[in-house]
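I am attaching a structure below and will ask some questions about it afterwards.
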Amino acid sequence: MMILRFFLLSIAFATGAGAFADDQFDKDIQPFLKTYCVSCHGEETQKGKIRLDHLSASMADRKEAELWARCLEAIEFGEMPSDKAKKFPTKSEARLVQDWIARTLDRAGLRVEDKADKEGYGNLVPHDLLFSPSESKRLVDAAARLWRISPKALANTVRGARMVSNPFALDKPHGNFRDFKGKYTFNSLMAEQVTELALAHSLKEAQNARKMIVQMREKGSTIDEANQEAIKRHYHHVLRRTPIENEMDTLMALLKKVDADLGVPRGLQAVYAAIILQPETLFRFEGTGESDEEGLVVLSRRELATSLAFALTDLPPDTNVLRAFENEELSPSQIIRAETRRLLDDEKRPTARNRMLQFFQEYFDYQKAEDVFKDQVQGHRHWAPALVYDLNALVMHVLKKDKQVFKTLLTTREYLVYVNSHRDHGNPLVYNLPPDWKPTPKPFRFPEDQRMGILTHPAWLVAHSTNFDNDPIRRGHWIRYKLLGGNIPDIPITVDAKLPEEPTWTLRKRMHVTREEACYKCHSKMNPLGMPFELYDHYGRFRFDELDKPVDVTSKILNTGVPGVDGEVNGPFELIERLANSTHCEQVFVRYVFRFFLGRNETLGDAKTLQEAHKAYVDNDGSMEALVISLLSSDSFLYRAKPKQLAQTEAKP
């Protein structure tokens, strides 16, 4: 099992740290253990060979400290009590125990690492607190960061250079999104590749610039004036600004030295490459501005222009964005709202709209359908790119209407099926449409007992399957994580996560191995959510039977902690309706939109931002545009907290 919070025992045991008297242990912690834990982990029963009834407030014993750390992880992931328990703690009760364990470990000199800001762990921030009115007065507590530009942004910067492979290539998401704070380091290999790209691009640009330099010389300009003009143009092209005096002096000195050593236009090539290789070109800087009255760092207007451009496009801020932020009569939030609307409404350059599509591609994770190998079978020609194309079209169709976007994507009965736009004319078969079905540019409405929203779309079903089977575990994990805002530990490295190969057994029967005690504490949070989708095969085709047996799509959802979701379900449509009508799930969706457009996990300091964003979404009839505008004009986008060490230093007399 992966320990969520890692702790170091060496300090405490090396110094002989003893037990701490703790009144809260007797008052709150022991009763919690007796109520929710000891029945399975006490003197008589010790499931998993774990006994908790003898634990004390002392962290002096190594094994006892390790056991407390395991308890902390189990409570944080909702792993314990198991779904078979008769009583479950409230979120506030569980949080009180978590805080006590972490605090007591810390007091004993056992350092605890909180991973709530790491990729894939955003759901660890308590949902009930984020959307509690009592938390809306908090200040932004996320510090400034250095953020690498995206691969597309790098490609746009060195456009025209031959790029065999992009050194900034982003990995497929692990719980969050491709472009994420702190996810990608800049190593020596990357530096070498980027340098080669910069030199290749700059040689071509320098050769083109020579024509302009010759023309200027013919009109009476000096060689220095012509070179300076060429440098200014490249500065504007790459950085969208004019170089200051000392920058120009440094670049001109470099140009003259290289020209003298290697000849014209090598000097200009070196200068152009140097501009591309500046940190300002390859990274997004934040927090160089002044502090406000509350001690928060205000992002400068240029930083905000850059952040807005990269949030909505893969290009540096264009002239319109830069000019907009020069308007001192408007506040930055007013400018952001206006510019976001302009970029989203720009039909000639739909880069911002495409960014919206990218969010849903990564949120629903359906593009992975193209990576899942499927055998071709008689009567059905599987071609995953066609399915992804169709689902992209559906998302854009819903975004264009921009009403109840989240609910519509989960519950719509209307799909866009573009058969003739694909080379695979067997494509309608995956939708259970007849081979002679006539395609139409208009949405096709499916019968109510066959399809409902993205979670029953063939692209999503294939993406969350294996090469040869359905995968209720993967589908249930997605629902638990992306809709319910839950957490599930990674598969322990000691576990061989395979189902038995029994060709005469249904998948539900083969999954009996996951019901073993050691496995089901996690699988109970995934399997019941994924089993209703057995209504479809691993190609995404609707079906009535499996191995000549009626397919079983019933399930029982337990202990989600989400009002209206738990209980018996008789198929995927009933489950989807519950999820789509849940305010909690809608708020979790808002959290994921926050992570995508701000590039980091939310913190309790973002409670005000998230509550206002959700209100904007609801007040505007489920408008995705209103939601994004609210987030990008929020305090979380405009401000950064001072680093703690710096703030503490400044506070000293």
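Where the centroid of each part is defined by its Cα atoms, how far is segment 463-540 from segment 434-458 in Å?
If we compute the Cα centre of each part, the gap is 26 Å.
Here is a follow-up. Round to the nearest 0.05 the FRET efficiency obtained for K438 and N620 when R0 = 41 Å and r is the Cβ-Cβ distance.
Between K438 and N620 the formula returns 0.65.
Okay, moving on. Which is the longest part of the chain that has none of the GluC sites (Glu not before Pro) sitting in a DSSP loop with at most 16 other Cβ atoms within 10 Å?
In the chain, the maximal stretch lacking such sites is 114-289.
Which entries of K403/K482; K91/K509; K47/K181; K91/K615 show an alpha-carbon separation above 29 angstrom in the structure shown?
In this structure, K91/K509; K47/K181 exceed 29 Å between Cα atoms.
Now for a different question. To the nearest 20 debye, what is the magnitude of the charge dipole of the chain about its Cα centre, counting +1 on the Cβ of each Lys and Arg and -1 on the Cβ of each Asp and Glu?
Result for the chain is approximately 1100 debye, rounded to the nearest 20.
Right, here's the next one. Give me D548, D171 sorted ascending by neighbouring Cβ count inside 10 Å, so fewest comes first.
The most exposed by this proxy come first: D548, D171.
Residue by residue through segment 516-533, which ³J(HN,Hα) values in whole Hz follow from phi under the Karplus form 6.51 cos²θ - 1.76 cosθ + 1.60 (θ = phi - 60°), with glycine and proline marked x?
4, 3, 5, 9, 6, 4, 9, 5, 5, 8, 10, 3, x, 7, x, 4, x, 7
Still on this structure, please answer the following. Dipole of segment 95-191, Cα-centred, from +1 at each Lys and Arg C-beta and -1 at each Asp and Glu C-beta, to the nearest 20 debye?
440 debye
If you don't mind, there's one more thing I want to ask. Cα centroids of segment 382-416 and segment 191-214: how far apart, whole angstrom?
Measuring centre to centre over Cα atoms gives 42 Å.
What do you get for trypsin sites (Lys or Arg not before Pro) in segment 167-228 restricted to DSSP loop and a cutoff of at most 11 other Cβ within 10 Å of the site's Cβ?
Sites meeting the loop and neighbour criteria: K219.
Using the number of other C-beta atoms within 10 angstrom as an exposure proxy, rank H614, H397, H512 with the fewest first.
Lowest count first: H512, H397, H614.
Also, quick follow-up: On full extension of the chain, what length is gained from E225 through V164, given 0.36 nm per residue of separation minus the C-alpha to C-alpha distance?
So the chain would gain 18.3 nm between E225 and V164.
A further question follows. Tell me, Y481, Y389 in order of fewest to most beta-carbon neighbours within 10 Å?
Y389, Y481
Now for a separate question. Calculate the spin-label point distance for E370 paired with L129, positioning each point 7 Å from the Cα along the beta-carbon direction, and give it in nanometres.
4.1 nm
Helix 384-401: angle to the longest alpha-carbon principal axis of the chain, degrees 0 to 90, nearest 10?
Taking Cα atoms only, the helix is inclined about 80 degrees.
Which cross-chain or sequence-distant (5 or more) residues have an amide H under 5 Å from the amide H of R284, H modelled 1.01 Å from N in plane?
Under 5 Å from the amide H of R284 lie the amide H atoms of W147, R148, I149, each far enough along the sequence or on another chain.
Using the Cα centre of the chain as origin and beta-carbon charges of +1 (Lys, Arg) and -1 (Asp, Glu), tell me which of N354, F325, I335 is placed farthest towards the positive end of the dipole.
Positive-end residue among those listed: N354.
Using the Cα centre of the chain as origin and beta-carbon charges of +1 (Lys, Arg) and -1 (Asp, Glu), tell me which of L547, P167, H614 is placed farthest towards the positive end of the dipole.
Of the options given, the answer is P167.
Values quoted throughout were computed directly from the atomic coordinates according to the rules given, and no laboratory measurement underlies them. Owing to the predicted nature of the structure, the values given are computational and were not obtained by experimental measurement. Here Cβ is always computed from backbone atoms with ideal geometry, including for glycine, and neighbour counts include all displayed protein chains.
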